[in-house]
Amino acid sequence: MDVLTRQSARNTARSDEAGTTEGHFPAVRMRRLRRSPALRGLTEETSLTASQLIAPLFLTEAPAGREAIASLPGVDRLSLAEALREIDALRAVGVRAVVPFAKVPDEHKDNEGAYALDPQGFYARAIRAIKKSFPDVCVMTDVALDPYSIHGHDGIVRDGVIVNDETIAVLARMAVVHADAGADVIAPSDMMDGRVAAIRAALEANGHPDVAILAYSAKYASSLYGPFRDALDSAPGFGDKKTYQMNPANVREALREVALDLEEGADIVMVKPAGYYLDVIARVRAICDAPIAAYQVSGEYAQIMAAVERGWADRERTMMESLIAIRRAGADMILTYFARAAATWLRSNAT
């Protein structure tokens, strides 16, 4: 007999002893523990702290300033100088992890990702500048070819096909460039098969055994990446990404992807997107003791902000509820464009 059945039987017995249900009150009142902030705090099952938030940053080689991104209200492309100021503001509210993404000029794009391998390229220089200015900040770097590709795909294209093994050879070299520049965590977002093993081997062979890998293990071919692609001008020039990103209808496949990435040497696994895939996060949590990241992607952020701008939602309450839901599902850390705002709210509402 489960606890609910036993409780129901006890309540029925009490009613029988009284001879009537008239004037009988429930022995268990769930509202008793909700009637004050102190009680609600004591019984709160899921918590969110600034240290669990990771801020994605869009970097541009522009010499100074910020560029608004129309589809991401409140999020800008940042020059390197502005990025450093933004990181300083993030640190001030307790956010100590960032993922920079670079908007690559068209003249640096090709089909081989050559610019991604340049140790003097903008992205490598940005990593070095961030680590020099903020050694205590965890820098997680994006490893994929889509920002560098004339096709906008995450891998090398041959005869209209995104090829796997040639791509992972480039990704492994890119990871070493990032590690040489000071990256703390390599985050391959490409979804090529075997790329975690190739990156792990390359890091070990090049003197970076302590650099961690955060694998985008269950990255779905979602409709929610549009604003991100606007920010980086990285939309695919043909077709879609369904031959390498996951089918949104599948969850068992996600468990296989996670298991493979862990076997290959991943230290952290990720589910992306987050809010539409809470069930996937929960299923991964049930089988996985490794840390789990979840990415509240650009489309999720944009939907909330669109409702806020129309007066249909309160930004702070909706923001916090969405992040708590991701934590409740089982994520240990969250990549979110709300990182600074959420951390600020947490600080101002600390008791």
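The values are calculated or read from the model by the stated rules, or taken from the named source; none is laboratory data. Note that the structure is predicted; figures quoted are calculated from it, not measured. Every residue, glycine as well, gets a Cβ built from its backbone with ideal geometry; the counts of neighbours run over all protein chains shown. We work out accessible area using only protein heavy atoms, side chains counted, and drop any ligands, DNA or RNA first. Shrake-Rupley method; radii C 1.70, N 1.55, O 1.52, S 1.80 Å.
For this structure, a couple of remarks:
- Gain on full stretching of the segment that runs from D193 to D106 - 0.36 nm per residue minus C-alpha separation: 28.6 nm
- Förster radius 45 Å - calculated FRET efficiency between A350 and I150, Cβ distance, rounded to 0.05: 0.40
- Residue-wise HN-Hα coupling along the stretch 139-146, computed from phi with Karplus coefficients 6.51, -1.76, 1.60 (Hz; x: Gly, Pro): 9, 9, 10, 7, 10, 5, 9, 4
- What the Kirkwood sum gives for the stretch 246-351 is a hydrodynamic radius of 14.7 Å, with every pair of different alpha carbons counted.
- Crossing angle, helix 298-309 versus the chain [Cα axis fit, 0-90 degrees, rounded to tens]: 60 degrees
- One Cα centroid belongs to the stretch 267-299, the other to the stretch 19-79; the line between them spans 17 Å.
- Residues with amide H under 5 Å from that of F58, placed H, sequence gap 5 or more: L78, F101
- Segment D332-E204, length gained on full extension (0.36 nm per residue, minus Cα span): 43.5 nm
- When the charge dipole of the chain is built from unit charges on Cβ atoms (+1 for Lys and Arg, -1 for Asp and Glu) and taken about the Cα centre, the candidate among A331, F134, A221 whose Cα reaches farthest toward its positive end is A331.
- Residue with peak Gaussian network fluctuation, the chain [Cα springs, cutoff 10 Å], from R40, R96, R173: R40
- Amide H contacts under 5 Å for M270, placed H, 5+ residues apart: A215, S217, A218, A293
- Under-24-angstrom lysine pairs by C-alpha in the chain, whenever the two are 8 or more apart or on separate chains: 14
- Farthest towards the positive end of the charge dipole of the chain, among the residues A306, M192, F58, is the Cα of A306, using unit charges on the Cβ of Lys, Arg, Asp and Glu.
- Per-residue extension of 0.36 nm, minus the Cα-Cα distance of A325 and E166, leaves a gain of 53.4 nm for this segment.
- Here the simple spin-label model places points 7 Å from the Cα toward Cβ, and for R256 and D180 these points are separated by 3.7 nm.
- Remark: the chain carries 47 Å² of accessible area per residue (probe radius 1.4 Å; ligands, DNA and RNA excluded).
- Computed [θ] at 222 nm, deg cm²/dmol, the chain (DSSP H ≥ 4; -39,500 (n - 2.57); rounded to nearest 500): -12500 deg cm²/dmol
- With both labels modelled 7 Å from their Cα along Cα-to-Cβ, the R40 to S223 distance reads 3.4 nm.
- Across the stretch 28-40, computed HN-Hα scalar couplings (Karplus, 6.51 cos²θ - 1.76 cosθ + 1.60, θ = phi - 60°) run 10, 10, 4, 6, 4, 8, 10, 7, 8, x, 5, 5, 4 Hz from first to last residue, x flagging Gly and Pro.
- Test item: Cα-centred dipole of the chain, Lys/Arg +1 and Asp/Glu -1 on Cβ, debye: 1660 debye
- Largest accessible area first, the residues V251, V99 order themselves as V251, V99 under a 1.4 Å probe with ligands, DNA and RNA left out.
- Virtual paramagnetic centre 7 Å along Cα→Cβ of L33, amide N under 19 Å, in the stretch 41-63: 41-48
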